[in-house]
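The values are calculated or read from the model by the stated rules, or taken from the named source; none is laboratory data. It should be emphasised that the depicted structure is a prediction, and the values quoted were computed from it without experimental measurement. Methodologically, a virtual Cβ is constructed for each residue, glycine included, from the backbone with ideal geometry; neighbour enumeration extends over all protein chains shown.
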Amino acid sequence: SVGVEFVWERFQKSFLSRRAVEKLPLIERIQKLAEHRLTPRSKPAELATKGLALLDQLKASEPQLRIEKLVCRFQEWASAI
């Protein structure tokens, strides 16, 4: 909704660094991918490859982030058949 977007934008400007705001689209992509429910039609190996690549990209620019749980999640998907 418009109100939520307004509050979120104000929050970003007040509390997040410019660098953090620049990373938000990448983080949102990773989050949406991680929340994906695997179904019989899903291609878990492809989703895992995509997720691990995005995490590598994020980790390269922000090495202090702790992303081990997400890495494990995508690795599990990679081994799913």
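Every residue in the stretch 32-60 that is farther than 12 Å from residue 70 by Cβ and assigned to a loop (DSSP other than H, G, I, E, B), please.
Listed by number, the residues that qualify are 36, 37, 38, 39, 40, 41, 42, 43.
Answer yes or no as to whether residue 53 is small (Gly, Ala, Ser) and closer than 17 Å to residue 78 by Cβ.
yes
Inspect the stretch 18-30 for any residue being surrounded by 11 or more Cβ atoms within 10 Å (Cβ to Cβ), small (Gly, Ala, Ser), at pLDDT below 95 and not in a helix (DSSP H, G or I) and give the result as yes or no.
Scanning the stretch 18-30, I find no residue that is surrounded by 11 or more Cβ atoms within 10 Å (Cβ to Cβ), small (Gly, Ala, Ser), at pLDDT below 95 and not in a helix (DSSP H, G or I), so the answer is no.
So which residues in the stretch 51-71 are of a type in the set (A, V, I, L, M) and either surrounded by 13 or more Cβ atoms within 10 Å (Cβ to Cβ) or touching a residue at least 24 places away in the same chain (Cβ under 8 Å) (or both), if there are any at all?
Those that are of a type in the set (A, V, I, L, M) and either surrounded by 13 or more Cβ atoms within 10 Å (Cβ to Cβ) or touching a residue at least 24 places away in the same chain (Cβ under 8 Å) (or both): 52, 54, 55, 58, 65, 67, 70, 71.
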